[in-house]
Each structure stands twice: as structure tokens, then as C-alpha cells.
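The values are calculated or read from the model by the stated rules, or taken from the named source; none is laboratory data. Quick caveat: nothing in here was measured; it's all calculated off a predicted structure. Here Cβ is always computed from backbone atoms with ideal geometry, including for glycine, and neighbour counts include all displayed protein chains.
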Amino acid sequence: MSSVLDLVRDDLRGFTGYSSARSAKLDGEIWLNANESAWANPGDPLASCRRYPDPQPQALRERLATLYDCAPEQLLIGRGSDEVIDLLVRALCVPGRDAVLYTPPVFGMYAVSARLQNAPALEVPLQDSAAGFVPDIDAIITTARQGGAKLVFLCSPSNPAGLSIPLAQVERVAEALRGQALVVVDEAYAEFADTPSATRLLAGHDNVAVLRTLSKAHALAAARIGCVIADSGLIAVLRRCQAPYPVPTPCSALALAGLGEQALQQTRARIATVRSERDRLRMALSLQGHVRKVYASDANFLLVRFIDAEAAFQALLRAGVVVRDQRAAPQLHDALRITVGTPEQNDRVLDALATLEPVT
């Protein structure tokens, strides 16, 4: 019977990685094993950064495991989801042979990581339907099989398209590619959606992995805390491929504080505000004559097609509002992506766009 560990590169299955000074769990009062300074930096009077950090801070790992409803040994903390994506590609894909599949228009780091590893890139474009941009599941399965995909990235909710992928569709891909590929569900925006997390599939499908981040709903983008949730054996392999000290102590402490119960209550309230404002902004934009289409979104942004996207972009800039220009992305030649802000910020967006000349 196949195991997800069979997907790991042959030359890395026995790889032990670097054994750092923090790898050995030793007790002592005076630590002289890592060549650290005996004194704190003058800018660090509490000496919180004098010593190398725990590679996987246990308290944070347990807190994240509770938050995402998994076991701590199923979770690896990284420097944002970006590092985890890169780790997965390097650990599983033999350069020049094993392919990476993704579904444009989508987050660009999947393609970047594949290119850096010299992994063939397989693109299965999202389909622009009445409901919004949706994945072509049949084409994903067929292309992955024929192209030798080792990794399949499914972004749910998708960035910049906005829609979630039903778990039944994710499960279908995982079943079809069992023994061939790891199906990675990027849930960076999951807190804003109603679709259950793909972590529910892990018990029955060891070739599913889930990416989560504290950068979006939890407002900790600069702390660079992301994680992958997967089979514990695969997590152990990824840790051996990771840098010795990936989680800085100040970032870990900030993340723990940001995941306290009081902070989570405030975060949940803000998520509710974003969801309400998302609906209001979508309706208001849809009524503006220079807007072609506003896509439904399960995330904290809206993808908007304009009759004149350049004019809309410049009108927003004149109002001091910066949005994401998507016109270079596949299928999005007339689109901008607008993050849902505070009610006041969203009003400013609407007011700026209202200054555009009416379309006749």
C-alpha cells in the first residue's frame, strides 16, 4: 500500500538535515554549546534574542494545532506560507522531472517555487463561469496524470478569483492522484469563508496537505508565521529540509499573543465586519456604470472587471487608494483586485470610482 512518504524524493528519504544546538533537548544552567554571546545586545535589554530560538516553538505549535484542529505533530511552522510552498517543492520534486500543477489566475509563488526547483509547470486555467472562476477538476486530474505532477496546488478561497473549492472536489482530486501526487490546499483566506477546512480530509487521505497563515485574518503579515498541516511523517521530512531556526523568538511571542482568547474574539469580530463590508462593497460596485463585473468572493477582497481599468486604477491612486492591478494575469486584462478595508476605507474607494466619467 502506497504512503505519502513514497512521494518524497528518493535522495531525501534518509536525509537527516542539520542538527542544531537546539536539536538536542539538554538541561543546564549555563549554555555554552551554540557560540552565542554571553551578553544581551544593548537594544535587547530583556535578552529575548540572545539565544537561538526553538526551531518549532512548542507553545505556538500547540496553539496553532488547537486553532486548526490537528495534532501538533501534523503541523510545521514556517516563515509564512511562502517558505512552506518552497519546502514542499524541494522535498518532493526531482528537478527536471516531477511537475507542479497550479490553476491560473492564482497566487504566483507556486510558479516561482517550481521555477527555482526546475520543476515542470503544469497550468490548468480556472474557468470563468456564471458563478465565478472555478477549477476544472477533470482537466486537473487528467493533466496531473499525463504530466507527471508530484504536487497539485489548489487555492481555496482562490487568490485573486475569490471562490472556495468544495471539499468533495478536493477529495476527488486526492483520490484520483493517490500514490502519484500530494494535493496541497492553500487556505490563506479560509477564515473569511464558510467552506470547511480540508484538514477534515487528512484522516482518510495522507496525500492531502493544508496551508494556513496568520498574515490575513489575524493581521500578522510582518510576523511571517505560516504553517503546513499534513501527515506527521511528511512533516518530519519537511522539518529536516528546513533551515535550522525558522521562527524568530519575537515573531513567535507576537503570534502567541495574537492567538490569545481576547485577541481571537476581536479577530472574529473583525472577520464579521469584513464579510459584511464585502457584501456591501460588491453591491455598490455592481451599480456603478463603469464596472463590468464584480466576482463573488469568499475572501477579504473583490475581483472587479472595469470598462476602463486604467482610468479606475488612476482614480483610486488620486484618492490615495492603492489596489492590486491584475491586468497582466491570465484572463484578467481588465481587472483590479480590491482588498476589503474598514467601512471608511471602502467608502473612499466608492467615492473615488464615482468620479469617473459615465460610460455612454
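Quick notes
- Within region 34-54, tally of residues that are of a type outside the set (Ser, Thr, Tyr) and out of contact with any Lys or Arg (no Cβ under 9 Å at 6 or more places or on another chain): 8
- Screening the candidates Gly96, Gly28, Gly17 for the property of being in contact with a helix residue (DSSP H, G or I) (Cβ under 8 Å, 6 or more places away or on another chain) and not in a helix (DSSP H, G or I) yields one hit, Gly17.
- Tyr68 being more than 22 Å from Ala236 (Cβ to Cβ) and assigned by TED's automatic domain parsing to the domain that holds Val208: no
- Residue in region 215-224 that is within 25 Å of Pro105 (Cβ to Cβ), in the same structural domain as Ala144 (by TED's automatic domain parsing), touching a helix residue (DSSP H, G or I) at 6+ places or on another chain (Cβ under 6 Å) and crowded, with 23+ Cβ neighbours inside 10 Å present: no
- Count of residues meeting criterion [within 30 Å of Leu32 (Cα to Cα) and either touching a Cys at 6+ places or on another chain (Cβ under 7 Å) or surrounded by fewer than 17 Cβ atoms within 10 Å (Cβ to Cβ) (or both)] in region 73-103: 4
- At least 3 residues being surrounded by fewer than 18 Cβ atoms within 10 Å (Cβ to Cβ), among the aliphatic types (A, V, I, L, M) and free of Cβ contacts under 8 Å to residues at least 60 places away in the same chain is the threshold, and among the helices (runs of 4 or more DSSP H) wholly inside region 237-336 those reaching it are 261-286.
- Test result for Leu182, assigned by TED's automatic domain parsing to the domain that holds Ala139, of a type in the set (A, V, I, L, M, F, W, C) and under 22 Å from Asp10 (Cβ atoms): yes
- Some residue of region 218-230 being touching a residue at least 12 places away in the same chain (Cβ under 8 Å), farther than 27 Å from Ala263 by Cα, outside any loop (DSSP other than H, G, I, E, B) and not basic (Lys, Arg): no
- Flag for Leu154 being out of contact with any helix residue (DSSP H, G or I) (no Cβ under 7 Å at 6 or more places or on another chain), of a type in the set (A, V, I, L, M) and either assigned to a loop (DSSP other than H, G, I, E, B) or crowded, with 23+ Cβ neighbours inside 10 Å (or both): no
- Residue match in region 74-91 (condition: farther than 19 Å from Leu254 by Cα, assigned by TED's automatic domain parsing to the domain that holds Asp231, of a type in the set (Val, Ile, Thr) and without any contact (Cβ under 8 Å) to a residue 24 or more places away in the chain): no
- Of the numbered criteria (1) buried (at least 18 other Cβ atoms within 10 Å of the Cβ); (2) more than 18 Å from the chain's Cα centre (by Cα), the one Gly204 fails is (1).
- Residue under evaluation Pro358, criteria (1) buried (at least 17 other Cβ atoms within 10 Å of the Cβ); (2) not assigned by TED's automatic domain parsing to the domain that holds Glu277, criterion not met: (1)
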